[in-house]
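K.L.:
Quick one: the structure is below, questions incoming.
The values are calculated or read from the model by the stated rules, or taken from the named source; none is laboratory data. None of these values were measured; they are calculated from a predicted model. All Cβ positions, glycine included, derive from the backbone under ideal geometry; neighbour counts span all protein chains shown.
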Number of protein chains: 2
Amino acid sequence: MNEMYEAEPAVVLKAAAALREGRAVMIHDSAARENEVDLVYPAIHCGPESISHLRSAAGGLICSAIGNDVARAVGLPFMHDVLAWAAASYPVLSSIIETDTPYGGKPAFSITLNHRNSFTGVTDADRSATVKAIGRVAEIVAGGKGDAGRQFASTLKAPGHVPLLIEAPGGLAERRGHTELSIRLMRIAGLPPASVVCEMLDARTHRSLGLEDAGQYARDNGLILVEGSHLH
Amino acid sequence: MNEMYEAEPAVVLKAAAALREGRAVMIHDSAARENEVDLVYPAIHCGPESISHLRSAAGGLICSAIGNDVARAVGLPFMHDVLAWAAASYPVLSSIIETDTPYGGKPAFSITLNHRNSFTGVTDADRSATVKAIGRVAEIVAGGKGDAGRQFASTLKAPGHVPLLIEAPGGLAERRGHTELSIRLMRIAGLPPASVVCEMLDARTHRSLGLEDAGQYARDNGLILVEGSHLH
């Protein structure tokens, strides 16, 4: 871990330590934003049992987030930009592109991916392989050695079953979503800037899992719950 | 139900009756293809409890499939075509576009959607609203009255949390995936050609749920399991 992070709150350092060991952590963005808790793993440590855990315990959309530096190195666009380009050929797209979410800012969605060796792409084994391959690309970018674009194109294909999320160009100073918060945590932990995230849902209310219930889940399962306000 | 369907196998007619009542059915494509069982609801009957059921009992990607006629009426493209157009601006895309899946044919993926009134877009309530809005567009196309394109653009936005799937132009004669099979079942049931589908996964093997286990789930829960070979 980098010395510059010694001033981080203890809960953040504990979460970073858990992530380095390949364990999940939980991140709450803010009561003033989505007010949502995501279950998060580092992409490079996302095994099949991680996917299984995310879908059974969280239940949202299992997405992989990457640092903006990774997206730039590979040349990956946001989906709203892809749709804007394609609207020249498919006019309906121009009238449905979301550029301002209800909770503020543009959506983080990029393209969707499958590992080239996956079969259906959706099983725990296949989605794990996809997320790990994304993590490997981030590792190459973070390490400054190797051709990230070539690694990306030789291991991944689109469209697929894992939506990719891209950190806002300005990071947390620009957008404080789970994408930016999880990538910040990966950087603090000294891990490649790539995560797998999934929203925790509540089948009783059919809404997001409330912060109190999320806190109970964290205590029951020995997981660290990080408040977005603790990350800068 | 249309008279032309009187020659359908009894299991198909039972499944059609269940769907008309808003109940789930299960569809197995084929042992020679994905060899996967999807849990399926009609889009117009997809309540929040349906989404909750799909994510807890199936665990795959919760997608909404539409008839090719619906896609044509609205002017909706396949995602591989969207990516091909955007590749002029983002060269990496040209090297990762999947045009031939391991199980045969092009992927059915189109764009991803949220209902315009959704907040995060991922909750049971939000995804239900999104799928129902897709069902409403299909209803307009099937009824031959009203402006499906206007209905689509005024109720839906992209990118979102519900991947849209488009039936192959030639339907089952061209592609025998869960997209085409579920749309065929909706048509047989006299329902608008729009469904919500989710792959049944196995957390023990980290693969697709085996056909034997799927059959047990169907019996335990009083659901009809339709073999793809029964649909033409």
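K.L.:
Could you tell me which residue of region B:56-73 is nearest to A:Ser56 (Cα to Cα), considering only residues that are surrounded by 24 or more Cβ atoms within 10 Å (Cβ to Cβ) and facing another protein chain (nearest Cβ under 7 Å)?
P.N.:
Here the residue is B:Gly59.
K.L.:
Here is a further query. Among the residues of region A:208-215, is there at least one that is within 14 Å of another protein chain (Cβ to nearest Cβ) and part of a loop (DSSP other than H, G, I, E, B)?
P.N.:
Yes, region A:208-215 contains a residue that is within 14 Å of another protein chain (Cβ to nearest Cβ) and part of a loop (DSSP other than H, G, I, E, B).
K.L.:
Let me ask something else. Quick check on region B:130-144. Is at least one of its residues of a type outside the set (Asp, Glu) and assigned to a loop (DSSP other than H, G, I, E, B)?
P.N.:
yes
Every residue, every condition in (1) within 14 Å of another protein chain (Cβ to nearest Cβ); (2) over 19 Å from B:Glu227 (Cα atoms); (3) in contact with a His (Cβ under 7 Å, 6 or more places away or on another chain); (4) aliphatic (A, V, I, L, M), yes or no:
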residue	(1), (2), (3), (4)
B:Lys14	no, no, no, no
B:Ala17	no, no, no, yes
B:Asp29	yes, no, yes, no
B:Ala32	yes, no, no, yes
B:Leu39	yes, no, no, yes
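Residue by residue, here is whether (1) of a type in the set (Lys, Arg); (2) not in a strand (DSSP E or B) holds:
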site: B:Leu19; (1), (2): no, yes
site: B:Met26; (1), (2): no, no
site: B:Arg33; (1), (2): yes, yes
site: B:Tyr41; (1), (2): no, no
site: B:Leu54; (1), (2): no, yes
site: B:Ser64; (1), (2): no, no
site: B:Asp69; (1), (2): no, yes
site: B:His80; (1), (2): no, yes
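K.L.:
Additional query: Just checking, does region B:153-167 include any residue being in a loop (DSSP other than H, G, I, E, B), among the aliphatic types (A, V, I, L, M), farther than 18 Å from B:His45 by Cα and modelled with pLDDT of 95 or more?
P.N.:
No - not one qualifying residue is present in region B:153-167.
K.L.:
Right, another one. Which number in (1) under 30 Å from A:Pro102 (Cβ atoms); (2) more than 9 Å from chain A (Cβ to nearest Cβ) marks the one condition that B:Gly171 misses?
P.N.:
So B:Gly171 meets the others, but not (1).
K.L.:
If A:Ala125 satisfies every condition in (1) over 21 Å from A:Asn68 (Cβ atoms); (2) touching a Leu at 6+ places or on another chain (Cβ under 9 Å); (3) not aromatic (Phe, Trp, Tyr) but one, which is the exception?
P.N.:
The number of the failed condition is (2).
K.L.:
Within region B:195-220, which residues are in contact with a helix residue (DSSP H, G or I) (Cβ under 8 Å, 6 or more places away or on another chain) and not acidic (Asp, Glu)?
P.N.:
B:Ser195, B:Val196, B:Val197, B:Cys198, B:Met200, B:Leu201, B:Ala203, B:His206, B:Arg207, B:Leu209, B:Tyr217
K.L.:
Of everything in region A:117-129, what is at the interface with chain B (Cβ under 8 Å from one of its Cβ atoms) and either in a helix (DSSP H, G or I) or not hydroxyl-bearing (Ser, Thr, Tyr) (or both)? Give them in sequence order.
P.N.:
If the condition is that a residue be at the interface with chain B (Cβ under 8 Å from one of its Cβ atoms) and either in a helix (DSSP H, G or I) or not hydroxyl-bearing (Ser, Thr, Tyr) (or both), then A:Phe119, A:Val122, A:Asp124, A:Ala125, A:Ser128 are the ones that fit.
K.L.:
Condition first: in a helix (DSSP H, G or I), over 18 Å from the mean Cα position of the chain (by Cα) and facing chain B (nearest Cβ under 9 Å). Can you find one or more residues in region A:95-116 that meet it?
P.N.:
For region A:95-116, residues in a helix (DSSP H, G or I), over 18 Å from the mean Cα position of the chain (by Cα) and facing chain B (nearest Cβ under 9 Å): present.
K.L.:
So, one more: Among the residues of region B:180-200, which ones are out of contact with any Ser or Thr (no Cβ under 8 Å at 6 or more places or on another chain) and not in a loop (DSSP other than H, G, I, E, B)?
P.N.:
Hits for region B:180-200 are B:Glu180, B:Leu181, B:Arg184, B:Arg187, B:Ile188, B:Cys198.
K.L.:
A follow-up question, please. Taking region A:187-229 on its own, how many of its residues are among the charged types (D, E, K, R), within 17 Å of B:Leu54 (Cα to Cα) and within 15 Å of the chain's Cα centre (by Cα)?
P.N.:
Residues meeting the conditions: 1.
K.L.:
Of (1) within 9 Å of chain A (Cβ to nearest Cβ); (2) part of a loop (DSSP other than H, G, I, E, B); (3) farther than 21 Å from A:Ala87 by Cα, B:Ser89 satisfies all except one. Which?
P.N.:
It is condition (3) that B:Ser89 fails.
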